[in-house]
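The values are calculated or read from the model by the stated rules, or taken from the named source; none is laboratory data. The shown structure was predicted, so the numbers you read here are calculated from the model rather than taken from an experiment. Cβ sites come from the backbone with ideal geometry, for glycine too, and all protein chains shown count toward neighbours. SASA here: full protein model, heavy atoms, side chains in, ligands and nucleic acids out. Shrake-Rupley method; radii C 1.70, N 1.55, O 1.52, S 1.80 Å.
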Amino acid sequence: GGCFTFDGTNFINFSDSDSHDNTTYLTISFWMKESENATSRIIMAKGKYSTDWSWIIQNPFGDNSLRVYIADTLSDVGSNFVNTPTGTLSVNNWHHVTVVFDGTKSTSVTRLLVYVDGVNRTSSASGTIPTVILNASTPINIGRMYGLHVFTGNIDEVMIFNRSLTAS
């Protein structure tokens, strides 16, 4: 098989699925290889920012880090997120990324974890990660967020589960 290649203009759009909405558990797993390190590159997202969204996975600053947002309202402006450290990713190298959401955990940094190449790289949190993934009616986009901040590089083996996978 082959991976999906994103050139900054193309993307993949998945229809909305109720199995990933209003859930206390969610895991998103994929392989990625960025071809350039640029600011605000959305790897994948569910929703339209600040109007109807659930979550976003991005490289926010062009510093080879990841930021994962979980909305606490459909009109959230992005105040609830976790970060990985600068240099977590490297351009032109494959990385396996797994985002694990467990709304039953007691703190933001235990409720939302980001594993890169099998290692928990969650380093900080801002706001309060909510206890449930909201029911945004917009589709999941891979390679952009509903027309914004396109990704350049490769993404492969995307899997989304309505349960929290463990490190083992």
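Note on the range 19-63: enclosed strands (runs of 3 or more DSSP E) holding 3 or more residues that are over 23 Å from VAL100 (Cβ atoms) are 39-48.
Among SER90, SER75, SER168, SER108, which is hydroxyl-bearing (Ser, Thr, Tyr) and touching a strand residue (DSSP E or B) at 6+ places or on another chain (Cβ under 7 Å)?
SER108
Within the range 74-88, at least one residue is open to solvent by 10 Å² or more (accessible area, probe 1.4 Å), over 23 Å from THR166 (Cα atoms) and touching a residue at least 40 places away in the same chain (Cβ under 8 Å).
Taking LEU113 as the residue in question, decide whether it is hydrophobic (A, V, I, L, M, F, W, C) and free of Cβ contacts under 8 Å to residues at least 40 places away in the same chain. So LEU113 passes the test.
Filtered by the rule that a residue be crowded, with 17+ Cβ neighbours inside 10 Å and either modelled with pLDDT of 90 or more or more than 23 Å from ASP63 (Cβ to Cβ) (or both), the range 26-41 gives LEU26, THR27, ILE28, PHE30, MET32, LYS33, GLU34.
Taking the criterion of being at pLDDT below 95 and either surrounded by 19 or more Cβ atoms within 10 Å (Cβ to Cβ) or basic (Lys, Arg) (or both), the only residue of the range 112-128 that qualifies is THR122. Looking across ASN162, ASN141, one residue alone is surrounded by fewer than 19 Cβ atoms within 10 Å (Cβ to Cβ), of a type outside the set (D, E, K, R) and modelled with pLDDT under 95. It is ASN162.
THR73 - would you say it is more than 16 Å from the chain's Cα centre (by Cα) and in a loop (DSSP other than H, G, I, E, B)?
yes
Rundown of residues vs (1) out of contact with any Leu (no Cβ under 6 Å at 6 or more places or on another chain); (2) polar (S, T, N, Q); (3) at pLDDT below 90, yes/no style:
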residue: ILE57; (1), (2), (3): yes, no, no
residue: ARG67; (1), (2), (3): yes, no, no
residue: THR84; (1), (2), (3): no, yes, no
residue: HIS96; (1), (2), (3): yes, no, no
residue: PHE101; (1), (2), (3): no, no, no
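Among the residues of the range 114-136, write down those that are more than 17 Å from TRP53 (Cβ to Cβ), assigned to a loop (DSSP other than H, G, I, E, B) and under 14 Å from the mean Cα position of the chain (by Cα). ARG121, THR122 - these are the residues of the range 114-136 that are more than 17 Å from TRP53 (Cβ to Cβ), assigned to a loop (DSSP other than H, G, I, E, B) and under 14 Å from the mean Cα position of the chain (by Cα).
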